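Read the structure below first, then the notes.
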Amino acid sequence: MLQLQKHRFYLAVSCLMLTSFLFCSCQKEETSPPPRPKVRSQSSGKGQVAVKKEEPKIDYNKAIAVLETEKGTIEIDLLYDIAPKTVENFAKKVKGRRYNEAKFYRVEPKLLIQAGAPVFQAEELPIESSDRKHVRGTVAMAKEPGASVSSATDFYICLTELALDEEYSVFGMVVKGMSVADKIVQDDKITLATLRTQE
């Protein structure tokens, strides 16, 4: 009987020691976890400069303005050779998204449609006269009657030939979408204006 008690005592002590050993091993593992992948800190990229993606440059001699409207698309060949300042101004406003959501606020049925930037600003440009006639599809900057300068934001598209000629800065010609221009009614919008290069 004494022998059995000793055996049980040694077994209990052995189990206690084994449990203690396992418990200590687990504790050590918890205190030193394995290395984990880390996200690089911002300071680790010192000396690196963020490169701003530049917009592709447009050759204004081959530029096409694309006006997406509620009725369809109108494409305008920009006439840089006869109105460089006007074309540059118009292109700058297209790139700056000034014509997005612009309304055709003036519509003279079968004569012309006129649009301008949604936020009116009294900007002016010198008139760039040329011998271009105001035939159907002509695009030019608007101006006040008798004024010696053009609006820098408001433009019109001729739906027929008009007797305006050199009094206005003609800067473009519709090359696609005249049937869309014919359908425009007052307050129709230019939903998106962009530039592309002729193919």
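The values are calculated or read from the model by the stated rules, or taken from the named source; none is laboratory data. Nothing here was measured: the structure is a model prediction, and the numbers come from that model. All Cβ positions, even for glycine, are placed from backbone atoms using ideal geometry, and neighbour counts span all protein chains on display.
Tally up the residues in segment 157-191 that are of a type outside the set (D, E, K, R), under 26 Å from Glu124 (Cβ atoms) and assigned to a strand (DSSP E or B), please.
The qualifying residues number 9.
Table: residues versus (1) over 24 Å from Thr191 (Cα atoms); (2) of a type in the set (S, T, N, Q).
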| site | (1), (2) |
| --- | --- |
| Phe104 | no, no |
| Glu108 | no, no |
| Glu124 | yes, no |
| Asp131 | yes, no |
| Glu144 | yes, no |
| Ser148 | yes, yes |
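Here are some residues: Ile157, Ile184. Which one is in contact with a Phe, Trp or Tyr (Cβ under 6 Å, 6 or more places away or on another chain) and modelled with pLDDT of 90 or more?
On the way: Ile157 fails: in contact with a Phe, Trp or Tyr (Cβ under 6 Å, 6 or more places away or on another chain).
Among Ile157, Ile184, only Ile184 is in contact with a Phe, Trp or Tyr (Cβ under 6 Å, 6 or more places away or on another chain) and modelled with pLDDT of 90 or more.
Identify, by number, the condition in (1) in contact with a helix residue (DSSP H, G or I) (Cβ under 8 Å, 6 or more places away or on another chain); (2) among the basic types (Lys, Arg); (3) closer than 22 Å to Arg97 by Cα that Lys189 doesn't meet.
Of (1) in contact with a helix residue (DSSP H, G or I) (Cβ under 8 Å, 6 or more places away or on another chain); (2) among the basic types (Lys, Arg); (3) closer than 22 Å to Arg97 by Cα, only one is false for Lys189: (1).
With respect to Thr153, is the statement that it is in contact with a strand residue (DSSP E or B) (Cβ under 6 Å, 6 or more places away or on another chain), in contact (Cβ under 8 Å) with a residue 12 or more places away in the chain and either surrounded by 13 or more Cβ atoms within 10 Å (Cβ to Cβ) or not β-branched (Val, Ile, Thr) (or both) true?
Working: in contact with a strand residue (DSSP E or B) (Cβ under 6 Å, 6 or more places away or on another chain): no; in contact (Cβ under 8 Å) with a residue 12 or more places away in the chain: yes; either surrounded by 13 or more Cβ atoms within 10 Å (Cβ to Cβ) or not β-branched (Val, Ile, Thr) (or both): yes.
No.
Go through segment 166-181 and report how many residues are over 17 Å from Asp81 (Cα atoms), surrounded by 14 or more Cβ atoms within 10 Å (Cβ to Cβ) and of a type outside the set (Lys, Arg). Lay out the reasoning, then the answer.
Our first condition is that a residue be over 17 Å from Asp81 (Cα atoms); within segment 166-181, this holds for 167, 176-181.
With surrounded by 14 or more Cβ atoms within 10 Å (Cβ to Cβ) added as a condition, the list becomes 167, 176-178, 180-181.
From what is left, the residues that are of a type outside the set (Lys, Arg) are 167, 177-178, 180-181.
Selection size over segment 166-181: 5.
From the list Leu192, Leu125, Leu159, pick out the single residue that is in the same structural domain as Thr69 (by TED's automatic domain parsing), surrounded by 15 or more Cβ atoms within 10 Å (Cβ to Cβ) and farther than 22 Å from Ile58 by Cα.
Numbers: Leu192 fails: farther than 22 Å from Ile58 by Cα; Leu125 fails: farther than 22 Å from Ile58 by Cα.
Result: Leu159 is the single residue among Leu192, Leu125, Leu159 that is in the same structural domain as Thr69 (by TED's automatic domain parsing), surrounded by 15 or more Cβ atoms within 10 Å (Cβ to Cβ) and farther than 22 Å from Ile58 by Cα.
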